[in-house]
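For reference, the structure discussed in these notes is given below.
The values are calculated or read from the model by the stated rules, or taken from the named source; none is laboratory data. Bear in mind that the values here come from a model prediction, so they are computed numbers and not experimental data. Positions of Cβ are backbone-derived with ideal geometry, glycine not excepted, and every protein chain shown enters the neighbour counts. Keep in mind that these areas ignore ligands, DNA and RNA; they rest on the heavy atoms of the full protein, side chains included. Shrake-Rupley method; radii C 1.70, N 1.55, O 1.52, S 1.80 Å.
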Amino acid sequence: MKRLSILFAACMLVLAASAQSDSEVLLTINGEPSTVDEFMYIYQKNNSETEIDKKSLDEYLDLFINFKLKVAAAVDAGIDTTESFKRELAGYRRQATPKYMTDPQAEERIIELAYSRMLNDRQVSHIVVRCPEDASTEEENAAREKIERARLRVTTGLPVIVKKGKKVTTVDGTPEDFYAVALEMSEDPSVQLNKGKIGWVRPFRYVFPLEEAAYNTPVGQISEVFRSPFGFHILKVEAELPHREVHAAHIMKMTPRDNDSIAVIAKQQIDSLYEIAQSGADFKQLAINNSDDRGSSIRGGDLGFFSRGQMVSEFEDAAFALTQAGQITQPIQSQYGWHIIEFIEDKYTPQLSEVREEIRRNLSRSEYQTLVDNAFIEKLKREYNYTEQPNALVSIYEMLENDSLTSPAFIEQVRELNLELATIDNEPITTQAFADYLQTNSKTNLKKAEDIINSKFRNFTEKLLREKEDSNLENKYADFNNLIKEYHDGILLFEISLQNVWDKASNDTTGLREFFEANQQSYKWTEPRYKGMVIYCKDKTTLKAAKQIVKTAHPDSIASYLNNRLNLDSVSYVRYERGLWKAGDNKAVDKYALKVKKAQFTPDEEYPYVFVTGKKMSNPAEYTDERGKVISDYQDYLEKQWVKELRDKYEVVVNQEVFDKLRK
């Protein structure tokens with residue numbers, strides 16, 4: 001066993017006269033260094049005070065040394081080599097990693113982009129030619145040709161051939177009406193009803209390609225052709241207005257289709273209600289008593305806040321025309337019936353600081369996340385000097401033209417190419433590695449060989465870049481390194497403490513008894529206790545039998561005899577509780593055992609006959625009478641003994657010069 005040697009080793013480490021570095025070694029234990037950064041990370045995490053107190057710093061250094069001594073003992077015990085330790089640490093690391101596997105600056109730019117769009121709503125119409133993502137090349141070309149023709153018709157018009165003598169020229173035709181072309185060519189199932197009018201677009205409401213086109217196309221203009229999961233689109237941006245949300249209530253009288261008589265009655269009723277509301281009647285009560293919209297009538301017609309595009313157009317137009325609290329519309333008709341709308345309040349887009357976290361959450365659930373992910377991958381490509389060999393994949397395209405990803409022959413052909421496809425941090429990515437990836441990642445919905453290989457190679461290289469970054473997180477980010485080290489040491493501390501202190505204290509009955517007997521003065525009671533049982537009986541016969549059992553049975557067997565002899569499977573004639581009680585803990589004990597003056601105890605109607613058995617005690621007779629406190633004290637005792645042994649076993653070297661800088 002080595003003797004503890006706390007060496008204040010200014011002479012051992014040469015320090016610059018300039019400001020202290022967080023990577024400087026503060027101390028070593030058994031040759032394992034701990035830096036200033038690690039010490040201050042844990043110190044500040046456990047001390048809420050913003051200013052560093054010299055006394056608390058001195059005390060914490062001692063605690064930190066004890067902590068590191070226990071970690072050293074755990075390493076010596078081989079706990080860090082066990083599979084359970086490795087799994088637990090890997091699990092904690094996986095949970096901590098996502099925060100660092102992104103580009104914060106790019107994410108903030110994309111948050112700002114989404115916010116800039118949230119300031120305004122855009123009204124759009126569209127034409128779509130359906131084409132699933134897994135369409136064949138022929139199907140995709142046909143769909144694209146059709147949408148390009150539609151765009152030509154609504155922008156420049158179809159070309160017109162003009163003949164002048166022998167000269168033939170082609171000139172632009174006349175642009176056609178967007179809605180007429182939509183009715184003729186759009187494959188949106190609702191086009192016959194809406195003539196291609198989608199309504200109001202805002203961030204996170206529609207698929208991302210449609211949102212992109214809506215906000216990137218000038219008002220009044222036609223977008224370029226764009227693709228979504230549904231097919232190829234063009235859209236026309238009709239208008240732009242500042243985003244506004246209206247809080248309104250309504251009274252509704254429904255008008256079922258094909259029932260003119262009810263429709264007439266509904267109109268009469270809504271007109272009457274309008275007159276009553278105009279005269280100053282309480283709108284909320286009118287809605288509760290008269291509205292056919294059951295969902296809102298129970299709230300006095302309150303619909304909450306809604307933005308453009310969330311209500312049918314007739315209702316929306318009327319609601320958004322209101323501006324004053326308490327203002328109501330004349331009766332307006334929608335496809336559902338007649339409405340009177342009351343304006344309550346409105347609001348516009350909040351400041352970015354108020355909605356930043358909400359936007360961040362929405363990003364993670366939307367296609368905006370692809371922008372964040374792509375920006376992160378581009379950052380990694382720059383950092384790790386990613387390069388691709390020109391045309392390196394062409395031969396693989398050709399191989400796949402007449403084969404499939406699941407073909408062993410194809411995989412082997414790729415492997416045998418023996419080409420370098422790209423490099424990451426000067427490390428080659430070979431066709432052998434790509435073949436291995438393809439062998440276990442063969443699923444695809446794509447049809448064209450070039451698209452399939454490009455997609456697979458992109459996913460493969462992104463995987464490699466992420467793995468490279470993941471392996472460097474501890475080196476790149478001091479806070480991540482400290483967090484993982486905290487997890488690492490915390491798991492080791494828990495396991496070694498469990499073995500040497502906590503389990504040992506709980507299970508060492510001989511040690512607990514001896515410790516209790518040596519420290520009985522620490523466990524004196526200020527008031528007596530009653531140790532025993534309270535027994536509740538269903539009737540007098542059971543009471544008599546229970547008392548006989550108590551009289552004749554060994555105390556340790558009383559509970560077993562009561563259960564086996566007096567209780568049946570279907571009926572319990574006796575129940576009991578055992579314990580160690582002081583006055584006020586148990587009313588039956590207060591009355592029958594401790595004889596507390598004015599003790600009030602009323603037996604349960606189901607078990608009206610009650611008696612106690614046991615003994616009154618002035619102080620604990622054995623450690624089990626104060627088990628919790630004795631175990632806790634014994635743990636403290638064992639820990640102190642253990643720390644003393646560790647300080648004798650391991651050499652501790654503290655760099656006093658570095659520590660003194662922290663105390664200034």
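For this structure, a couple of remarks:
- The portion of the accessible surface of segment 387-502 made up by carbon and sulfur, rounded to a whole percent, is 46 (1.4 Å probe; DNA, RNA and ligands excluded).
- Based on alpha-carbon atoms, the Kirkwood radius and the radius of gyration of segment 306-373 give Rg/Rh equal to 1.16.
- Summed side-chain charge close to residue 269 - residues other than residue 269 whose Cβ falls under 10 Å, Lys, Arg +1, Asp, Glu -1: 0
- Given charges at beta-carbon only (K, R positive; D, E negative), |dipole| of the chain in Debye: 2520 debye
- What the phi angles of segment 345-360 give under the Karplus curve with 6.51, -1.76 and 1.60, with θ = phi - 60°, is a coupling list of 6, 9, 8, 10, 4, x, 5, 4, 4, 7, 10, 4, 5, 5, 5, 4 Hz, glycine and proline written as x.
- Entry comment: accessible area of the chain is 57 Å² per residue, from protein heavy atoms only and a probe of 1.4 Å.
- Two-site FRET efficiency, residue 139 against residue 262, from Cβ-Cβ distance with R₀ of 41 Å, rounded to 0.05: 0.25
- Charge-dipole axis of segment 389-446 as Lys and Arg at +1 and Asp and Glu at -1 on Cβ define it, positive-most pick from 409, 389, 422: 409
- Inter-centroid distance (Cα atoms) of segment 604-643 relative to segment 327-345, Å: 72 Å
- Each Cα pair under 8 Å and six or more residues apart adds its sequence gap; the mean of these over the residue count of the chain is a relative contact order of 19 percent.
- Degrees separating the helix 478-497 axis from the principal Cα axis of the chain, which is the longest one: 30 degrees
- Taking the helices alone, the chain has a mean residue ellipticity at 222 nm of -15000 deg cm²/dmol, built from -39,500 (n - 2.57) per DSSP H run of at least 4 residues and averaged over all its residues.
- Rounded to whole Hz, the Karplus (6.51, -1.76, 1.60) HN-Hα couplings of segment 651-664, x for glycine and proline: 7, 10, 10, 9, 7, 5, 5, 5, 5, 4, 5, 5, 7, 6
- Taken over the C-alpha atoms, the chain has Rg and Dmax values of 40.0, 133 angstrom.
- Pairs beyond 21 Å (Cα-Cα), from 504/644; 379/485; 582/640: 379/485; 582/640
- Between segment 354-381 and segment 532-566, the Cα center-to-center distance that results, in Å: 70 Å
- Residues whose amide H falls under 5 Å from that of residue 120, counting only those 5 or more places apart or on a different chain, are 243, with hydrogens built in the peptide plane.
- Phi to ³J(HN,Hα) by Karplus 6.51 cos²θ - 1.76 cosθ + 1.60 over segment 251-257, Hz, x for Gly, Pro: 10, 10, 10, 6, 10, x, 5
- Distance from segment 86-117 to segment 172-218 (C-alpha centre basis), Å: 35 Å
- Close amide-amide hydrogen proximity is noted between residue 173 and 158, 160, each under 5 Å apart and 5 or more residues distant or on a separate chain (H modeled in the peptide plane; Pro and chain starts excluded).
- Once both labels are positioned 7 Å from their Cα atoms along Cα-to-Cβ, the gap between residue 403 and residue 513 label points is 7.8 nm.
- Dipole of segment 456-542, positive direction: furthest Cα of 535, 500, 490, with charges on the beta-carbon: 535
- For residue 430, the amide hydrogen comes within under 5 Å of the amide hydrogens of 421, counting only partners 5 or more places away or on other chains and with H modelled in the peptide plane.
- Segment 205-348 - percent of accessible surface contributed by carbon and sulfur, probe 1.4 Å: 49 percent
- Where both bridge residues fall in the chain, DSSP classifies roughly 95% of the beta bridges as antiparallel.
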